[in-house]
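**Student:** Can you keep this structure in mind? I'll have questions shortly.
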Amino acid sequence: MSAFKRKRGGQAHVGKKAKKVKFVADGGEAAVEAEQEKRNEGKWTNKERVLIFSSRGINFRTRHLMQDLRTMMPHSKADTKMDRKDKLFVVNEVCEIKNCNKCLFFEAKKKQDLYMWISNSPHGPSAKFLVQNIHTLAELKMTGNCLKGSRPLLSFDPKFDKEPHYALLKELFTQTFSTPRYHPKSQPFVDHVFTFTIADNRIWFRNYQIIEEDASLVEVGPRFVLNLIKVFQGSFGGPTLYENPDFQSPNMHRREIRLAAAARVREKQMVKEMQKMKRTEAKEDLARDVTADVFLTPADEKPVHIQTEAPEPKMVKKNKHKAFKRQRMKMW
Amino acid sequence: MIIDSKSMESVEEEALLGEESEESEEEHSELSDDELQEAFSKGLLKPGMNVLVDKPKKLVNNVEGMKQCLAGLRKDLPWVERLDLTNPPAEDVIFKAEGKAPTASKGDVNADDDFQREMFFYRQAQATVLEALPLLNKHGISTKRPDDYFAEMAKSDQHMQKIRKKLISKQLILEKSEKAKKLREQRKFGKKVQVEVIQKRQKEKKAMMTAVKKYQKGMTDKLDFLEGDKKTSKDSSQGPKKAVTKKGSNAKRKYKDQKFGFGGKKSGKKWNTKESYNDVSGFRAKVAHAKSGKGGKKGKGGGGGKQNKRPGKSVRKKMKSRS
């Protein structure tokens, strides 16, 4: 009896008996089914547990993001940091120990890049993402608030139904992020909504609080962007099902930027060198001017007439006086 | 002749890292002269320039496998357990209000335009909420908390206070800047008005003076300017009154200041100075003469005399015993 009482929903069980009596009175098969449903009401049946943990070498932002996710998801469990030396399939064992069937594993590389693994633990598929643009709960611009452990609504972009890999991801996200009904740590109200949208070949995650029934929303929770790398058939391993063609590893990205900068510098240097060379190279003296006879026009030669006498002064109307003076001088 | 450079590149990188494996050595040897000669003789290499070209990368897209996986992963849970919805974003009210046509690429939001992108997400969430609320009501799950339901929130109260303070401070800063702008405007305007008023007054004064001078010099007989004068005098009479009252209060103020100002009277105010000794303004002749004349009192008679005369000790005693 004591064990019975310790079970969750023990009180409800007592209540159910009364209901059972009522239904038996009605009779029929449908009654039995309804009876079962009623018995299950208030019981946590969807046993979904998510293990959220990380590897070593994460920075404060990642740590806070993990904490925020644990706050948002009451069906999550935490674990200590995993050593980087262990191979990835060790994670599966950790999941089994903790009795979890989903896992969110954060991996930090070079203290710069954050990768996130989401997987269905024993056999199911898994996916690896590059996480960018992390904003945590504690940022003062996120002004909304929600109950700790309340169940979220999940909102997906219609693009998730168009491609098979997105459909698979949608199913994974749904099962991972939705809080099971009647979970002991959950609150019975629905007051926030997670949105997953696809833009620019990335998955954008947002969390909004529902304020009014007319759907006025305020942003609450963490926000991040997921860039899909690969989808695997097994959990943390197995054959690759899908590879994202638009994915560029952050190293390559940084390398490209550096190469572009280097190329620009090299080009500038080259241009400078060319200019220097042009200035310093020996300039050849042209013996013959190529453009000399451009304006030579064939014409008859006129006889050269050398003037020995000065020409006569012109009669300028303006300078009347001068003309007069000259004439005067001539007369003199 | 196109040689697959992908393997070549990876070989080079491995060589850089210093990793030595048998595989890399073999591929290295392919580039050596002997191997090239062999390949040429076999007919794999043709004469001419051989360029290394990247083989197009084959990407895995195992649609069948994914579909199978999905089928295996799916759990047939009722909607109430999952609470998920797929929907396009709700209608953009702002866009409609501004009369702009909705963007052609509605489905393809521009990720670089921050505002547009966030509004897109917001509208998607809104559409979900609008669709989900009736469904939730049907299943009996409420979205509103009763007012007396106290439970732990995701963010602590302290944090929310911080947020509130920040919002308030932002608002205050905005208001201050607005006020400052308005003040600046007002000052500019006020300065203008002041300048105008001063100019007007100067003009009037000038006009008045010239009119008066003209009258003085006998140029004009009319005393029209006086009417203007009267009007102005009315105002000016009130002016001196105000001045007088000010002076009156000024005197009282002065006396009070002298008595109580700067911590009250200084010591030595009860002693005579040369001026106060020579000051006979407090001498009342009537009182002085009345005191000296006792006969005068007798002459007057009983009733009136006692106002100024103080009775003697014995009489006072008697009065005291009597009363």
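Derivation of every value follows stated rules applied to the coordinates shown; laboratory data play no part. Predicted, not measured: the structure shown is a model, and the values here were computed from it. Using ideal geometry, Cβ is built from the backbone for each residue, glycine included, and neighbour counts are taken over all protein chains shown.
**Student:** If you average the alpha carbon positions of the range A:108-177 and of the range A:281-301, how far apart do those two centres end up, in angstrom?
**Tutor:** Centre-to-centre (Cα) distance: 79 Å.
**Student:** Starting with the fewest neighbours, write out A:GLU284, A:GLU107, B:GLU118, B:GLU178 ranked by other beta-carbon atoms found within 10 Å of each beta-carbon.
**Tutor:** Going from least to most buried by this count: A:GLU284, B:GLU178, B:GLU118, A:GLU107.
**Student:** Where the centroid of each part is defined by its Cα atoms, how far is the range A:238-253 from the range B:114-162 in Å?
**Tutor:** The range A:238-253 and the range B:114-162 have Cα centres separated by 35 Å.
**Student:** With each pseudo-label sitting 7 Å past Cα toward Cβ, what's the A:THR297-B:HIS159 distance in nm, one decimal?
**Tutor:** 9.2 nm
**Student:** Another one. Rounded to the nearest 0.05, what FRET efficiency do B:VAL197 and B:TYR255 have when you use their Cβ-Cβ distance and R0 = 56 Å?
**Tutor:** On the way: r = 37 Å, r/R0 = 0.67.
Approximately 0.90, to the nearest 0.05.
**Student:** Treat chain A as a sphere of radius equal to its Kirkwood radius over Cα pairs and apply Stokes-Einstein at 37 °C in a medium of 0.692 mPa s; give the translational diffusion coefficient in µm²/s, rounded to a whole number.
**Tutor:** Diffusion coefficient, whole number: 120 µm²/s.
**Student:** Still on this model: Mind checking the mean number of beta-carbon atoms from other chains within 10 Å of the Cβ atoms in A:185-192?
**Tutor:** Details: counts 0, 0, 4, 5, 9, 9, 4, 4.
Average neighbour count from other chains, rounded to a whole number: 4.
**Student:** Hey, fewest Cβ within 10 Å first, where do B:SER177, B:SER267 land in order?
**Tutor:** B:SER267, B:SER177
**Student:** Hey, fewest Cβ within 10 Å first, where do A:HIS75, A:HIS253 land in order? Before the final figure, lay out each step's value.
**Tutor:** Numbers: A:HIS75 23, A:HIS253 12.
With the sparsest Cβ surroundings first, the list reads A:HIS253, A:HIS75.
**Student:** Starting from 0.36 nm per residue, how many nanometres of slack lie between A:LYS185 and A:ASN201 once their C-alpha separation is accounted for? Display every interim value, and only then the final one.
**Tutor:** Numbers: separation 16, 0.36 × 16 = 5.76 nm, distance 3.53 nm.
Contour length minus Cα-Cα distance gives 2.2 nm.
**Student:** Among the listed pairs A:LYS43/B:LYS138; A:LYS81/B:LYS75; A:LYS102/B:LYS75, which have their C-alpha atoms separated by more than 24 angstrom in this model?
**Tutor:** A:LYS81/B:LYS75
**Student:** Averaged across the residues of B:131-143, what count of C-beta atoms belonging to other chains lies within 10 Å of each residue's C-beta?
**Tutor:** 3
**Student:** Among DSSP beta bridges whose residues both lie in the range A:44-151, state the antiparallel percentage, nearest 5.
**Tutor:** Of the beta bridges lying entirely in the range A:44-151, close to 60 percent run antiparallel.
**Student:** Something else: Once you put a point 7 Å from the Cα of A:ILE97 and another 7 Å from the Cα of A:GLU267, both along the Cβ direction, what distance in nm separates them?
**Tutor:** About 5.5 nm, to one decimal.
**Student:** Related question: Quickly estimate the mean residue ellipticity at 222 nm for chain A, helices only: each DSSP H run with n ≥ 4 gives -39500 (n - 2.57), and the total goes over all residues, rounded to 500. Please report the intermediate quantities before stating the final value.
**Tutor:** Numbers: 8 runs with 113 residues, N = 332.
The per-residue figure over chain A is -11000 deg cm²/dmol.
**Student:** Pick out which of A:ALA310, A:ALA108, A:ALA287 has the largest mean-square fluctuation in a Gaussian network model of chain A, springs linking Cα atoms closer than 10 Å.
**Tutor:** The residue with the greatest mean-square fluctuation here is A:ALA310.
**Student:** Averaged over peptide A:65-73, how many Cβ atoms belonging to another chain are found within 10 Å of each residue's Cβ?
**Tutor:** Whole-number average of other-chain Cβ neighbours for A:65-73 is 1.
**Student:** Grab the beta carbon distance between B:VAL60 and A:ASN133, set R0 = 25 Å, and tell me the FRET efficiency rounded to 0.05.
**Tutor:** In this case the efficiency is close to 0.40.
**Student:** Quick one: go through the range A:112-151 and flag any residue whose amide nitrogen is under 13 Å from the point 7 Å out along the Cα-to-Cβ line of A:GLN67.
**Tutor:** Hits in the range A:112-151 for A:GLN67 at 13 Å: A:136-139.
**Student:** Also, I was wondering about something else. Using θ = phi - 60° and the Karplus curve 6.51 cos²θ - 1.76 cosθ + 1.60, what whole-Hz ³J(HN,Hα) does each residue of the range B:49-59 get, with Gly and Pro shown as x?
**Tutor:** Per-residue couplings from phi come out as 6, 9, 10, 7, 10, 5, 6, x, 5, 8, 9 Hz.
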